[in-house]
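*Asks:* Take this structure first; my questions come after.
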Amino acid sequence: MYTFDYQRPGEAKAAVAALSANGKAKYLAGGQSLLPTMRLRFAQPSALVDVTRIAAMKTVALEGDKLTIGGAVCHVDVAANADVKQALPGLADLAGHIGDRQVRERGTVGGSLANDDPAACYPAAVLALNVTVVTDRRRIAADDFFIDMYQTALEPDELITAVEFPLAEGAGYEKFRNPASHFTLVGVFVAKFRDGVRVGVTGAASSVFRPAELEAALSNDFSVASARSVTILPDELNDDMHASAVYRAHLIPVLAGRAIERALSFQA
C-alpha cells in the first residue's frame, strides 16, 4: 500500500530544508493539482511538505505602488481582501472566479504559479501585470518565469514565498470556459500602465504568452474596438477536441475587448 510522510513546517527555510533532504518529496500548497494526480497514482511522492500554514506566506500588503501577496494566500482570500479590491480590482475579480468554491478555498497563488497549468488563470495576470515572483532565494521577473507547459524557472526545491504586483492604471480579465469541464479554453488579462499595455493569454497555447500585436494596438488605443480589430494567427495555438486553433485565435481579441470593458467598469 502506498504511504507517505506529512510535514508541516512553520517557516519557509524549514520547508525548503525538508524538501531538499528528500528527493522524492513535494510541496503541498493547496493540492488542487497534486492530490488528484496522487489519487490516480500518477504521482507518488514519499513526503508532502505542507507550506499552507507558514504565517509569513499568508499575508497581503499594499505599500505605495506595489501589492505583495504571500505565496500561501488562497484564491478566496485574494478575492475578498480589501487592499486587493482597492488597488487591483481586476485581480480580485479573477481570483473570485477561479474553478469552483472548493478550489478557491484551498488553492493558493504560489501553488497555481508553480504548477503552471496551461489553462490556469493567475499566469495571465502575472504576465500582464509584470509581477516579480519572490522565492526563498531570488526574485524572478514574470517574463522569465514561465517556460512551457507545467514548466517554470523554479528549481526543484525552490519555494514561492510571495508575489509582488505593480499597480496598473486599469486591469481586467475575461475567460471562455469549456461548457462541460469549466476549464478555461482561452483567458485574457489586460493591464494598462503609463508606458503601455501588457496582455497575458492563457488556455490558448502550451503556456501563457503575451500577444505583441494586441499589446501594440491597445498601447495606441485602449478600447474595445482596438482590441477586436487585431487578428491573431492560429499557427502556434492549441488545436484539440475542445476547440480548434482558429477558434481560439478568434476568441483572443474578443475576450480582450471584454476584459477592457471590465477594466473600465472598475474605474466607473
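*Asks:* Given the criterion surrounded by fewer than 24 Cβ atoms within 10 Å (Cβ to Cβ) and either of a type in the set (V, I, T) or farther than 22 Å from M149 by Cα (or both), identify the matching residue among I69, I98.
*Replies:* I98
*Asks:* Filter the stretch 4-50 for residues that are under 25 Å from the mean Cα position of the chain (by Cα) and in a helix (DSSP H, G or I) and give the result.
*Replies:* Those that are under 25 Å from the mean Cα position of the chain (by Cα) and in a helix (DSSP H, G or I): A12, K13, A15, V16, L19, L34, L35, P36, T37, M38, R39.
*Asks:* For the stretch 128-181, give me each residue that is of a type in the set (S, T, N, Q) and surrounded by 15 or more Cβ atoms within 10 Å (Cβ to Cβ).
*Replies:* N130, T132, T135, T152, T161, listed by residue number.
*Asks:* While we're looking at this one, here's another question. Select from the stretch 213-233 the residues that are assigned to a helix (DSSP H, G or I) and aliphatic (A, V, I, L, M) and write down the one among them that is surrounded by the fewest Cβ atoms within 10 Å (Cβ to Cβ).
*Replies:* Keep residues of the stretch 213-233 that are assigned to a helix (DSSP H, G or I), which gives 213-220, 224-228.
Filter again for aliphatic (A, V, I, L, M), leaving 214, 216-218, 224-225, 227.
On the way: L214: 24, A216: 14, A217: 22, L218: 26, V224: 17, A225: 10, A227: 26.
Looking at the filtered set, the residue picked out is A225.
*Asks:* Same structure again: Show me the strands (runs of 3 or more DSSP E) found entirely inside the stretch 126-209 where at least 1 residues are small (G, A, S) and within 12 Å of the chain's Cα centre (by Cα).
*Replies:* 184-193, 196-202
*Asks:* For the stretch 182-209, name all the residues that are closer than 16 Å to N130 by Cβ and surrounded by fewer than 16 Cβ atoms within 10 Å (Cβ to Cβ).
*Replies:* R194, D195, G196
Read-outs: derived from the displayed coordinates by stated rules, not from any lab. Please read all numbers here as calculations on a predicted model, not as lab measurements. As a convention, Cβ positions derive from the backbone with ideal geometry for all residues, glycine included, and neighbour counts pool all protein chains shown.
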